[in-house]
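Notes to accompany the following structure.
Here, each number is a calculation from the coordinates, and none is a lab measurement. This structure is a prediction, so every number in the text was calculated from the model and none was measured. Here the Cβ positions follow ideal geometry from the backbone for every residue, glycine too, while neighbour counts run over all protein chains shown.
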Amino acid sequence: MMLRKSFSRITWFRKHRKAVVNSSDKKMPNGILEEQEQQRVMLLRRSPSGPKKYFPIPVEHLEEEIRIRAADDGKLFREEFNSLPPGYMQGTLEMANKEENREKNRYPNILPYDHSRVVLTQTDGAPCTDYINASYIDVSKNFFKCILLKKSNTLLEAEFCWALRYCKDHRESHCTSSKVQVSEGCKAPRLVTQLHFTSWPDFGVPFTPIGMLKFLKKVKSLNPTHAGPIVVHCSAGVGRTGTFVVIDAMIDMMHAEQKIDIFDFVARIRNQRPQMVQTDMQYSFIYQALLEYYLYGDTELDVSSLEKHLQPSQNTAPNLVKIGLEEEFKKLTNVRIMKENMRTGNLPANMKKARVIQIIPYDFNRVILSMKRGQEYTDYINASFIDGYRQKDYFIATQGPLPHTVEDFWRMVWEWKCHTIVMLTEVLEREQEKCFQYWPSEGSVTYGEITIEIKSDLLADAISVRDFLITHSQDKQGRLVRQFHFHGWPEIGIPAEGKGMIDLIAAVQKQQQQTGNHPITVHCSAGAGRTGTFIALSNILERVKAEGLLDVFQAVKSLRLQRPHMVQTLEQYEFCYKVVQDFIDIFSDYANFK
């Protein structure tokens, strides 16, 4: 399908590889199979009550409208989605249904309409070689032929499938970008950029729309104004593809008209390619992405603009910068704590294992231990998996062990093969226990079935580096674990400078590279404030090195969606900016740290 817009045209098409029947495909919660390797995509049923009219939504009412639709487990979202027409009732599918073209369709019931199909030049005069399952213009023989014909410079991909050897490849947190040189005959070659969104799960939709919005921004920034269509595809070219297209179009509408009209737009693009936006989960995800964009906008910065962002100009009062960061941090309070997803941690038996009862792991990403035989609730520890910049579940954020949870702590380290522990608190601060000393000062100590033997204890600057040999009674093979104990965090406030944190992060990364990148266990006392600050900075600095970009706000917001109260105070939030600025100052030549 081709959507005509001021900045570009967009072509949607499905992959040309034949479908593979897979009997193990899972159904979505609403009973609709998402785009999987199956013979036929289940088509959506029309609402028995008939179509309804839904009106445009002014952007200032968007949050309230989403709240209304999301009530009662999303009942009104489903009702609105089911009121959409499946496609163009007068549309014909003659070319797609020709016997010669059937093998070119991944799914026999996801076909391009004749009036909007992509039509290519024929090969050697053969009549059916102008067909490809793509809406707006068709190609048959060569996957890249429609790009050459229509002068596309950007190719978007929403699932894993690699067919060519690329000139250049770059991996980021949510996507990979590749350069492909495409040529045809004696014509001048063209460089095509492929952007591959890698954060879409096998089933459902992404946990947060942040990655998709960043991906969309990159697409627009890389597609030159003189280029032809942007080619967008997933598997069938309707579900994830349609979701991307609608978000893109509605953001433009938001800017131009201060309103959005998702229902009408999806209905219109289904007249050009059937079943665009395939599930009600994708439909509601569009709303979530637009609300995210409206509430928070674009908070991404280039490293070269950070100093200007933090320092007042001659015409700006110095306190305005602080007010700006205060406003950013205040917006983080809009991240709702999902108490309904803390059921396990709020069980009476598990509440006793919490240092701070307000900081409980969410059920969906809590660290699960093996259950002790005959002992209920022994699979629980107050710990959360947290995503890293390049790797899902790269960190484990946890509280400082209590005397009665230290065995669980070491079970977690053993069972999840952690080789690195980061400690950001002292055992005692202001004469209060912040963390039980879970390691021996000398010799060895045993907790349950795990024995911890200290092998070395070295102090370098503000970091104690302790090496432990841990063994399990059921496993003769020992394992080396290194603890980085950071002493540079004062009892009150934040560190005076950022170099100590930069050195700590560098030491941890070096250790990880040597031990296989298993989860890093990070703790302070409650496992939120200092722990969140360390993890946020680890992710932020990784992105600065890889992309020359930073987004402190979204980095912290992402953590708070995974564990409550991560980066707990305004001081800690401001400290994140300070450390990044110190990092850039230390490595002022960008080439030194890229």
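Here is how the numbers come out for the structure above:
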| read-out | value |
| --- | --- |
| About the Cα centre, charge dipole magnitude for the stretch 344-423 (Lys/Arg +1, Asp/Glu -1 at Cβ), debye | 80 debye |
| Net lengthening on full extension, PHE55/LEU191 (0.36 nm per residue, minus Cα-Cα) | 44.7 nm |
| Highest-first arrangement of 575-585, 249-259, where packing means the average Cβ count within 10 Å | 575-585, 249-259 |
| Cleavage-rule hits, chymotrypsin sites (Phe, Trp or Tyr not before Pro), the stretch 370-400, DSSP coil, Cβ neighbours within 10 Å at most 14 | TYR377 |
| Positive-end residue, the stretch 277-391 charge dipole about Cα centroid, Cβ charges, pick of ILE386, GLY297, PRO348 | PRO348 |
| Lys, Arg +1 and Asp, Glu -1 on Cβ, resulting dipole of the stretch 339-593 about Cα centre, debye, nearest 20 | 740 debye |
| The stretch 197-303: C-alpha gyration tensor shape, a/c 1.5 cut-off, then a/b vs b/c | rounded |
| For peptides 52-59, 261-268, sequence by mean Cβ density within 10 Å, most packed first | 261-268, 52-59 |
| Among 437-443, 191-197, the order from most to least packed when residues are scored by Cβ within 10 Å on average | 191-197, 437-443 |
| Tensor-based shape of the stretch 339-593 (alpha-carbon gyration tensor, a/c under 1.5 rounded, otherwise prolate or oblate) | prolate |
| Nearest-20 debye value, the stretch 239-301 charge dipole, Cβ charges on Lys, Arg, Asp, Glu | 360 debye |
| Residue exposure sequence - SER473, SER235 - by fewest surrounding Cβ within 10 Å | SER473, SER235 |
| At R0 = 51 Å, FRET efficiency that the Cβ-Cβ distance of ALA256 and ALA460 yields, to 0.05 | 0.35 |
| Relative contact order (%) - criterion: Cα under 8 Å, at least six apart; region: the stretch 394-511 | 22 percent |
| THR92/LYS352 FRET efficiency (R0 51 Å; Cβ-Cβ; nearest 0.05) | 0.15 |
